[in-house]
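Peer 1: My questions will all concern the structure given below.
Just so it is clear, none of the values below were taken in a lab; they were calculated from the coordinates. What you see is a predicted model, and the numbers here were worked out from it, not measured in a lab. Glycine gets a Cβ as well: all are built from the backbone with ideal geometry, and neighbour counts include every protein chain shown.
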Amino acid sequence: MKLSLACGVPVGLLLLSAPVWAREIPLSSEPTLQRSWLDSSSLRWNVGSNIPLTEPTQPLDRARCKAEILSANTDEERRVEGAGWMLVEPTRRAGALALVKGTQAFDGECRPTAFQVFVFSEGQFAGTVAPQPMERQADGELLQARVEDDGTVMADFARYRAKDPLCCPSRTATVSYRIDHVGATPILLPERISTDLLPTE
C-alpha cells in the first residue's frame, strides 16, 4: 500500500497522466523561474535530530484559519507542533515511518504556504523532504510525499520554467530518499532525482 500527501496539483493528474518525456538526472540544467535546491550539487541538509523551530509568519492565522489546523494526537505530531508548526494534514504511516505535514502560514484562502513535511522513523525525527519551507505555486513546491511498499520515501516537486503559468508547472522532479543511521539517530538522505515533463493540453 502506498501512502501519500498531496497539494497544489491533484494526485490523480500525477498518477494517471503519463509523462511525454522522462529521464533520470543527477541535477537539472533546464532554465527555471529561480534556482532551486533541486539544482544543487549538495543534497545533504538533514544532519541532526532536532526539528527546525519556527513561528507563524502571520500570528492571526491561527484564529483566521483554525478550521484548517489539526490537533496533535501522536508523539510525532506533538514534536512538530511544539517546534512552532501548525499541523495541516493527518499523519501518514507505513511500517516504522510517519510523514507529518506542518505549515508556518496560510494564504488568503487558508491554504498552507511556507509548509514542510517531517519524516519520522520508529518515532525519531529523521529529517525533512526539503531543506527549507515550500511556497504554493513556486518552483520546488511539494506536490506529494509518499512511502513506497519497500519503505522508500518518495516526493514529487513542481518545476517551473520562467514562462509557466502559476497553475501549471511544466515539469515535476521526483526525489527518492533512504533512511540511514548515525549511531542510533535516523537520517533521511536523498538518493536520486528524476524529472518528468507534464503533458500539455
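Peer 1: On a C-alpha basis, how far is the centre of the range 105-161 from the centre of the range 68-85 in Å? Whole number, if you could?
Peer 2: Taking the Cα centre of each part, the range 105-161 and the range 68-85 sit 16 Å apart.
Peer 1: Please report how far the C-alpha centroid of the range 180-201 lies from that of the range 43-65, rounded to the nearest whole angstrom.
Peer 2: 21 Å
Peer 1: Just check the range 55-185 against the gyration tensor rule for me: Cα atoms, a ≥ b ≥ c as the square roots of the eigenvalues, rounded for a/c under 1.5, and otherwise prolate or oblate depending on whether a/b exceeds b/c. Present the calculation step by step, with values, prior to reporting the outcome.
Peer 2: Working: a/c = 2.14, a/b = 1.12, b/c = 1.92.
Since a/c reaches 1.5 but b/c is at least a/b, the shape of the range 55-185 is classed as oblate.
Peer 1: May I pose another question? Quick check: pseudo-label points 7 Å beyond the Cα along Cα→Cβ at residue 74 and residue 50, how many nm apart are they?
Peer 2: Once both label points are built, they end up 2.5 nm from each other.
Peer 1: Distance in nm between label sites at residue 67 and residue 181, each 7 Å beyond Cα in the beta-carbon direction?
Peer 2: 4.6 nm
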